[in-house]
Amino acid sequence: MAEPLLTGDVPSEDGPAARRPPGPGHPSGLGRPENADAAGGLAPPASLADFAERARAVLPADVWDFVNGGSGTETTLAANRAALDRVAVLPRVLTGVDRPRTEAVLPGGTYALPVAVAPMAYQRLLHPGGERALAAAARAAGVPYAASTLSSTPIEGIAAAGGTVWFQLYWLRERALVADLLDRAHAAGCAAVMVTVDVPVLGRRLRDVRNGFALPAHVTAANLPRGRDDLAHQGTPGVSAVAAHTDAVFAPALSWADLAWLRARTPLPLLVKGVLDPRDAVRAAETGADAVVVSNHGGRQLDGAPATAAVLPEVVAAVGERCAVLLDSGVRSGTDVLRALALGAAGVLVGRPLLWALAAGGRAGAEAALALLAAELRDALTLTGCADPAAARHLSTRIGG
């Protein structure tokens, strides 16, 4: 079972979590990390990947696996990165661009970057500040924060901490609970609803199975009625308690009729996340979706599903002007954001790197990661002669270099 990240002290939203004793490579532990400067301190992160090393140094091994693992043999998890790395973007020259703008239109408004924080469960596993800290960092960066149904902080608290908050909905077996969650999201001032459609059951995540992963007592599914997440805390060897919990509460038979009900139930912009087949993207748009999110759940659902960057152009071509298309899964840099734009996406969702930053430094770490992402995107736009993200959607690409 995952060990608690708290040891009795009152947690600070911005301070480090209390965790197991540091080992070699920990910034306060027995030896210097690889990215230490000459004085022995940590050099500023040069990329989002640098946060991963710091997060791994402070997280329990089973929590690290829970965040970073995929399903099955993790074929799709690896494919997401490989596919993005194969996208070469042809720069335009002599465009007269000096300081490109990074603002972009996404569902619900215009934001500082063509980026939203992906919905991710149980963020208090990573840091005591959890969802509040990451939502506050998103607010500071001027980007939307997608709050998960399985947040470890209630949606009301997240909305109070964040700027623009989208509510991500998992479809539950009890329709009354779904309706209640929507009402709470509306009352909290959420700017959009994002329904995840690729989790009829949780993918078989072998790292969690082998670890017998379960939630520590202080991390709960805070949006669900008390006691509805008991199964997620019951550690059993060879069983993922999180999977046992979601199998008990998620409705496996979500249908197009349910999506139509949701569209009629909320006046907010509606995003449909977990689409890979262009035919499903078209049908989602015809059902009233304002955006589809091309996603394979970060390689955590069907192992063997295609990489999202590989199918993104087909989805964009299929939906045309019916709705916006966003890319999720595998984004690790401003160059990846540029690649997604050049392939036709309106923007991207960024997930794991922001959890690494949250684990490494709380709100300040997440703010630093988003600032780094913005700087990388500005550089990428400048180097390709693009005045803004909209111009990047007209760049040409080559697959394979």
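Please treat every number below as a calculation from the coordinates, not as lab data. All values derive from a computational prediction rather than experimental measurement. Backbone-built Cβ (ideal geometry, glycine too); neighbour counts: all protein chains shown.
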Equivalent ellipsoid semi-axes, the stretch 296-401, via Cα gyration tensor eigenvalues times 5, rooted, Å: 24, 20, 12
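Report Rg(Cα)/(2.2 N^0.38 Å) for the stretch 344-398, keeping two decimals. Could you put the intermediate results ahead of the total?
On the way: Rg = 13.6 Å, N = 55, 2.2 N^0.38 = 10.1 Å.
Working it through for the stretch 344-398, the quotient is 1.35.
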For the chain, built as a Gaussian network whose Cα springs stay under 10 Å, the top-fluctuating residue of GLY344, GLY330, GLY109: GLY109
Semi-axis lengths (Å, descending) of the ellipsoid that matches the C-alpha gyration tensor of the stretch 111-158: 18, 10, 9
Cα coordinate range in the stretch 144-205, projected on the principal axes (Å, largest first): 34, 26, 19
Integer Hz, Karplus 6.51/-1.76/1.60 couplings in order for the stretch 350-363, x for Gly and Pro: 10, x, 3, x, 6, 5, 4, 5, 4, 4, 6, x, x, 4
GNM top mover of LEU312, LEU327, LEU90 - the chain, alpha-carbon springs below 10 Å: LEU90
Column: log10 I(q)/I(0), Debye, Cα scatterers of the stretch 227-301, q = 0.13, 0.21 Å⁻¹: -0.55, -0.97
Selection of trypsin sites (Lys or Arg not before Pro), the stretch 224-266, meeting DSSP coil and at most 10 other Cβ within 10 Å: ARG226
The chain: most fluctuating residue of GLY142, GLY238, GLY274 per GNM, C-alpha cutoff 10 Å: GLY238
Inter-centroid distance (Cα atoms) of the stretch 56-122 relative to the stretch 229-254, Å: 28
The chain - mean residue ellipticity at 222 nm from DSSP helices (-39,500 (n - 2.57) per run, n ≥ 4, rounded to 500): -11500 deg cm²/dmol
Cβ-placed point charges (K, R +1; D, E -1), dipole of the chain about Cα centre in debye, nearest 20: 260
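Would you please classify the overall shape of the stretch 134-263 from the alpha carbon gyration tensor, given that a ≥ b ≥ c denote the square roots of the eigenvalues, rounded means a/c under 1.5, and beyond that prolate means a/b larger than b/c while oblate covers the rest? Provide the component values of the computation, followed by the final result.
Values: a/c = 1.90, a/b = 1.32, b/c = 1.44.
Oblate, because a/c is 1.5 or more while a/b does not exceed b/c.
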Full-extension gain in nm, ASP98 to HIS218, via 0.36 nm per residue minus C-alpha separation: 38.3 nm
Largest-first principal axis extents of the Cα set of the chain (Å): 60, 58, 39
Mean separation of Cα contacts under 8 Å (6+ apart) over length of the stretch 97-143, as relative contact order %: 33
